[in-house]
Amino acid sequence: MAFLITKFLVTSLIIVLVSEVAKRTDKVGALIASLPFVTMLVMIWLYVEKQGSEKIANHAYYTLWYVVPTLPMFALIFRSAEGVSTKPPRRFLRTLSTWPAGSKS
């Protein structure tokens, strides 16, 4: 139970740190947030919990495939901040909904 609380506190601390830095400077906050802290932290937790290298490798593999379809979200947020309409076309939404995430052979 103590380990679970430690994981919670360390992970929460990173999120709070990034949000506080982003309040002061947008560029540094974005840089810290864009680093793969969460992925690395999860892989460290998996390693500490002796989950095995295959489990850690699978996590890294699936993280890659789940990041790719989220990238357009940042373009939509940026365009929304500029006052441009963000109604995505139906074809784009269908493409995202059928993304072959995790189609590992």
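Taking the criterion of being under 17 Å from Val67 (Cα atoms) and of a type outside the set (Gly, Ala, Ser), the residues of the stretch 1-46 that qualify are Leu31, Ile32, Leu35, Pro36, Phe37, Val38, Thr39, Met40, Leu41, Val42, Met43. Counting only residues that are closer than 30 Å to Glu49 by Cα, over 17 Å from the mean Cα position of the chain (by Cα) and surrounded by 13 or more Cβ atoms within 10 Å (Cβ to Cβ), the stretch 1-30 holds 1 of them. Among the residues of the stretch 31-75, those identified as surrounded by 11 or more Cβ atoms within 10 Å (Cβ to Cβ), farther than 17 Å from Ser12 by Cβ and among the polar types (S, T, N, Q) are Gln51, Asn58, Thr63.
Scanning the stretch 31-76 for residues that are among the hydroxyl-bearing types (Ser, Thr, Tyr) and touching a Gly at 6+ places or on another chain (Cβ under 9 Å) yields a total of 3. Those helices (runs of 4 or more DSSP H) of the stretch 1-84 in which at least 2 residues are touching a residue at least 40 places away in the same chain (Cβ under 8 Å), considering only elements entirely within it, cover 53-67.
Since every read-out is calculated from the coordinates, none of them should be taken as a lab result. Predicted, not measured: the structure shown is a model, and the values here were computed from it. Counting neighbours? That spans all protein chains shown, and the Cβs are built from the backbone with ideal geometry, glycine included.
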